[in-house]
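Worksheet for the structure shown next.
The values are calculated or read from the model by the stated rules, or taken from the named source; none is laboratory data. Computed from a prediction, not measured in an experiment: that's the story for all the values here. A quick note on method: Cβ atoms are made from the backbone with ideal geometry, for glycine too, and the neighbour counts reach across all protein chains shown. Quick note on the areas: whole protein, heavy atoms, side chains included, nothing else; ligands and nucleic acids left out. Shrake-Rupley method; radii C 1.70, N 1.55, O 1.52, S 1.80 Å.
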Amino acid sequence: MTVRKLTLSAAATTTVLLLCGSILGATSATAAGPALTTTTAPATTVSASTASTRAEAPEAPEAPGAPAAPGVAEVPATLAPPATGTTSEATVVRPAQGSAPATTTAAPALALSSYDPKAGTAVLAPTGTEPAKSEAAKTESAQAGPAAAAVQPGQLIDSPPTPAAPHGALVAVTGVQPAADGTVAVTTRPATLPELLGATSADLHSAISPAAFEVKPWISGLQVTTDLGPTSGSGTVSGGLGLSADATVPLPGGSSAKLSGSVALHPAVDFSYRGGLGLIDPQQARIGFTLGTHADWHVSAALTGSTGPVRIALASYSASPVVMVGVLPVVINLAFTLYADISADGTVTLDAEQAYDGTWGVRSDYVKGPGWTTTADPGTSTVSPLRLDLRGAATAKAGLLAEASVALYDTVGVKASIEPYLRVAVNGSVLLDAAHPEPEVNGTIALHGGLDINGALMARLVVLGTPILEQDLPFLAFHREWPITSWSAGQSPVPLVNWTTLSAGLIDDNQSAYLRTRPDWDPSALKASCPDGSRLLGLAHGSDNGLCGDVTRANLWDANHGYVVDHGGTYVNTDWAPGYAKAQCPAGSFVSGYSRNGRTLGVLCAKSAAPLGTASRTLWFDNGDNRPAVAGGGDFAYGFGKGQCADDEFVAGVAYSQPWWQLWAARPYALLCQKLA
């Protein structure tokens, strides 16, 4: 199993904070759906040995899930039972002292009846009562005395999700003002988990009961089911979230797509906490999720390159399970939206049914000292074609994409998009179904399965006492594509165009068969190279993704496979991107690969087998996509700005610098696009 990581070091974090001039003290509330009723099942607590079988631990002295350090008390972590009634009680506690966690007070049963996180104000009401609306209701004022006496400045309010605080709330009281109607108005500041949990230690990995989710369909013809399973009545999570579709949705250009099939989802959450002896930040922490999927999915559409990548929102899911760390509640918010994802770079009639199976996970780990590490666990995944009827000349992709986020209270910890997909390159026609076990092929067909996991560590985790920046830190977590099968028969009407996505975020991605037999072409750098018959056509800003293609001109590399590598602009003869460092190929060569060594980018320059043109242009893409109107290759770096030269051009150079939020990594800002002839 391959586990991909991005480490944000404490040193890098400190450098950026100093440059920005301040450390965050508060967060903005994230966008949220309707208020939720928490319905959960007993948790599965993961020991250190069990956790290591699911994913590799962070490269740190002690990974979450390991035994607690001396002086750190192990506290059981379980999911709270379903809430009863219409009001969820808040817990009023004295903050943690030393190594001891927060302790409960003698406050009467109270709940948040209103909460304004931006203003830092809240109103606590005795449970089962409403604020007074008439003179008669003021008879409840007697309750204000004990409530106001019990709620004091310096205490913490730890509230599960309520209509007033759909994501829950963890705040410290700074002022108390009793009211005549029995309520207590308080002013607050954001509190942190170290203030709540102190030096305790807790771990939880648990499936979330399907009944805990609120589901919102986005298209008609969609039926949402909740399979609680045969033992769900006793609290065991054995079912899943079901979805079945039979819908026709419009596409750009006036065409439409028919979507049908069924999807079963099995979400789970990860939470881990290792307190320190102080209240500044924990020793270790973890927040993450896994998502298991089984789907039999059918897509039928007439696609063209002008359709572009299309994501059709199917349904949104949200849940707010409460983790009980001893007697102290910690609120986790899990939300995801399921999309149908289809694209094509030519003209093709697609009627495909495929099966997806797998379990994938994403998490963020914090270890004091090294800082944050974001990890994607691709697990095991299969993508199988069940039926195909394809005609045309294009590369088409059909997948199911889940965009998910997991948060502590209203501070998001990690977000990710996870997509298993089937990609087909067709130049002719193919028919494969139960009546045609041997496919009927005329032309060339190639089938590929794939899995993309993209995401970002969210920098607003001040609830853990580890503020970094009010800025998402994106990364390419995982990309894998594998051949399933290929067929060739009859005559191909036109040469088939090949597109390849490159990813060199954490390991080398050398697609060149020739270079894999040669010495490392850029030692100590992360690098990627195009297949031998292709050239680089695009790069992404903010990630290490690239796009290769052989459109217009295939097999451009000369027979002797001559190449050079440039880092410092040795061959730059004009300042085509003022103010930026450049890596550029000499005349007669084209870029067929790229590398990054910290704050330096390099280009792999392959000698051309044919004369190349000299007409050139600078293509900027640091502020968003800058691609041809009909761009082949699909969305090769979802969520990032992308630059892509035209089909009759090649990349001759790359201009780069360091984004303000990523000073330790060079990123491309512009491409020098040059005509093929």
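Odds and ends about this structure:
- Count Lys and Arg as plus one, Asp and Glu as minus one, and take only other residues whose Cβ is under 10 Å from that of residue 597; the net charge is then +2.
- Accessible surface of region 378-451, 1.4 Å probe: 53 percent of it comes from carbon and sulfur atoms.
- Taking label positions 7 Å along the Cα-Cβ direction at both residue 587 and residue 488, the computed distance is 3.8 nm, reported to one decimal.
- FRET efficiency for the residue 219 to residue 623 pair, using the beta carbon distance and R₀ = 35 Å, is estimated at 0.65.
- Mean Cβ neighbour count within 10 Å, used as a protection proxy, ranking 313-322, 607-616, 149-158 highest first: 313-322, 149-158, 607-616
- Whole-number accessible area per residue in Å² for region 309-382, which is evaluated in the context of all protein chains at 1.4 Å: 23
- Model label points for residue 524 and residue 574, set 7 angstrom from Cα along the Cα-to-Cβ axis, are 3.5 nm apart.
- Dimensionless Rg/Rh of region 482-627 - Kirkwood Rh, Rg from C-alpha atoms: 0.97
- Residue 517/residue 247 FRET efficiency (R0 51 Å; Cβ-Cβ; nearest 0.05): 0.55
- Cut-off 9 Å between beta-carbons: net charge of the residues surrounding residue 432, Lys and Arg +1, Asp and Glu -1: -3
- Extension gain, residue 386-residue 648: 0.36 nm per intervening residue step, less the Cα-Cα distance, totals 90.7 nm.
- Computed on region 327-384, with alpha-carbon pairs under 8 angstrom and 6+ residues apart, the relative contact order is 31 percent.
- Highest average first, the peptides 103-110, 89-96 ordered by how many other beta carbon atoms sit within 10 Å of their residues are 89-96, 103-110.
- Accessible surface of region 507-559, 1.4 Å probe, proportion on carbon and sulfur as whole %: 48
- Extension gain from residue 294 to residue 355, taking 0.36 nm per residue of separation minus the Cα-Cα distance: 21.2 nm
- Label point at residue 74 placed 7 Å out along Cα→Cβ; residues across region 325-341 whose backbone nitrogen lies under 20 Å: 325-328
- Diffusion constant of region 372-439 at 10 °C, which comes from Stokes-Einstein with the Kirkwood Cα-pair radius and 1.306 mPa s, µm²/s: 103
- Note on residue 610 and residue 149: with the Förster distance fixed at 60 Å, the Cβ-Cβ geometry gives a FRET efficiency of about 0.10.
- Across region 556-677, Cα pairs under 8 Å and at least six residues apart give a relative contact order of 28 percent.
- Taking the convex hull of Cα positions in region 312-402, its mean projected area over all directions (nm²): 9.4
- Solvent exposure of region 575-677 amounts to 36 Å² per residue of accessible area, where only protein heavy atoms count and the probe is 1.4 Å.
- Proximal charge balance of residue 291 [Cβ under 13 Å; K/R count +1, D/E count -1]: -3
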